[in-house]
1. Could you tell me which numbered condition residue 209 fails, if it satisfies all but one of (1) under 19 Å from residue 88 (Cβ atoms); (2) in contact with an Asp or Glu (Cβ under 8 Å, 6 or more places away or on another chain)?
2. Does residue 73 satisfy being on the phi < 0 side of the Ramachandran plot and open to solvent by less than 10 Å² (accessible area, probe 1.4 Å)?
3. Pairs needed: first member in the range 94-118, touching a residue at least 24 places away in the same chain (Cβ under 8 Å); second member anywhere, open to solvent by 30 Å² or more (accessible area, probe 1.4 Å) and among the acidic types (Asp, Glu); C-beta distance under 7 Å; at least 6 residues apart or different chains.
4. If you check 46, 34, which single one turns out to be open to solvent by 30 Å² or more (accessible area, probe 1.4 Å), in a loop (DSSP other than H, G, I, E, B), at pLDDT 50 or above and acidic (Asp, Glu)?
5. Being open to solvent by 40 Å² or more (accessible area, probe 1.4 Å) and aromatic (Phe, Trp, Tyr) is the requirement here; does residue 195 meet it?
6. For the range 76-108: of the residues being in contact with a strand residue (DSSP E or B) (Cβ under 6 Å, 6 or more places away or on another chain) and in a helix (DSSP H, G or I), which is surrounded by the fewest Cβ atoms within 10 Å (Cβ to Cβ)?
7. For a quick check of your reading of the model, give me the residue pairs whose first member lies in the range 43-57 and is more than 16 Å from residue 203 (Cα to Cα) and in contact (Cβ under 8 Å) with a residue 24 or more places away in the chain, whose second is open to solvent by less than 80 Å² (accessible area, probe 1.4 Å) and basic (Lys, Arg), with beta-carbon atoms closer than 8 Å and at least 6 apart or on different chains.
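The values are calculated or read from the model by the stated rules, or taken from the named source; none is laboratory data. The model shown is predicted, which means the values in this text are computed figures rather than measured ones. Cβ coordinates were reconstructed from backbone atoms using ideal geometry, including for glycine residues, and neighbour counts include every protein chain displayed. Calculation scope for accessible area: heavy atoms of the full protein, side chains included, ligands and nucleic acids excluded. Shrake-Rupley method; radii C 1.70, N 1.55, O 1.52, S 1.80 Å.
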Amino acid sequence: MYAYKYDLVWVMASLAAFPDERRSEGAVVLRRAEMKIVECVPNFSEGRRMDVVERILDAIRSLEGVKILDSSSDASHNRTVVTFVGEPQGVKEAAFRAAQMAAELIDMENHHGEHPRIGATDVIPFTPISDVTMDECVEMARELGQEIGGKLSIPVFLYEEAAVKPERKNLAKVRRGEYEGLKEVISQPERHPDFGPARMHPTAGATAVGARPPLVAYNINLNTSDLEIAKLLPKPSAEAAAVIPASRQWGF
């Protein structure tokens, strides 16, 4: 069974990021005078061992002022997606601590799942929410990438708005070959990471760090194991592309 993923970059109200039961709390946070709010949505290559997921979540919770809005684990993808918000420095530090914990607990040599991935912490995107510019999120991404590469010896690839190489703006191109394939070619000059060693971390693999607008993503499961069928599904119409110019889709 392959999942067909259709991602939509959406212009969302900041408050919509908060679940209904925390809407009032979210309103208080977002109304604080001149408070900068950044969203971070890291994806971790673990969706089956919930004790491991909880330890990663605890690493994020350890930062005062950082709020986890959502955590979703999928056993088939063997992946967990976490959404948290806070002021820039706290969010950046929480992302580092989470990546550090994931590196300690996840062994990519034993990881199997349906979703494309290159590392224990597969991606870390930053999104501006309130009183923060995209340029500031780009700077956060590059600072975090340098920190992960230097302190954890994990190769880091910058993507989306943080990319310094045009061909790496597209995350799918960064993840080409996935963990197993990247391990074979990362030593080649054209596949060298932006930060960290030009070799995969022995257990944590590699990480992509970026900055992007808010993202709405959903998966459609197809009753087939033929990946080519997923790739043949229609692309967004011209009318839809005009409304949602950054829409994208892929099958895996």
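1. (2)
2. On the way: on the phi < 0 side of the Ramachandran plot: yes; open to solvent by less than 10 Å² (accessible area, probe 1.4 Å): no.
No.
3. From the range 94-118, the pairs are 96/147; 116/178; 117/178; 118/178.
4. Details: 46 fails: open to solvent by 30 Å² or more (accessible area, probe 1.4 Å).
Going through 46, 34 in turn, the sole match is 34.
5. On the way: open to solvent by 40 Å² or more (accessible area, probe 1.4 Å): yes; aromatic (Phe, Trp, Tyr): yes.
Here the answer is yes, as residue 195 does meet what is asked.
6. 88
7. The qualifying pairs are 43/79; 43/117; 47/79.
Condition check ((1) surrounded by fewer than 17 Cβ atoms within 10 Å (Cβ to Cβ); (2) touching a strand residue (DSSP E or B) at 6+ places or on another chain (Cβ under 7 Å)) across all residues:
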| site | (1), (2) |
| --- | --- |
| 116 | no, no |
| 140 | no, yes |
| 161 | no, yes |
| 173 | yes, no |
